[in-house]
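Here is the structure we will look at.
Read-outs: derived from the displayed coordinates by stated rules, not from any lab. Values in this document were obtained by computation on a predicted structure and should not be read as measured data. Cβ: placed from backbone, ideal geometry, glycine included. Neighbour counts: every protein chain shown.
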Amino acid sequence: MSAIGTLVFCNDCGNLLDGSIGDPKSILTCDVCGAQCRDTSSNTVTTTSQPTDFPSALRSKRSAVQTVTAGDMKTEATIHETCPDCETTGQMRYYSVQLRSADEGSTNFFTCTHCGHKWNTNN
């Protein structure tokens, strides 16, 4: 029988043996081939590891600080619309938010790229 930590395997057929308690006086019998041997497993297994034992690209970049501002996140889409304030027809930025019940329309928030005027509409 061979032991790996607390697991004991049969040397004849490789079957995992049940009932291992780490007592070398106990005899384990293989259910598959019937071979018998003393229990050679240890009672406890202690494993220690360090963060450097598992290298990864993500861990190596952990020290690099990345700052993301709201301007970096491009969450607004563009649309061809006329601004009600400066009456310029052109690109407007907008985003939609569901502020009311699920069975009602969403609210669209617009920003004029020319004058910066903001307004909203309910769908």
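Once the Cβ-Cβ distance of residue 78 and residue 123 is raised to the sixth power relative to R0 = 22 Å, the FRET efficiency obtained is 0.75. Compute the signed sum of charges (Lys and Arg +1, Asp and Glu -1) over the other residues within less than 12 Å, Cβ to Cβ, of residue 8. Net of charged neighbours comes to -2.
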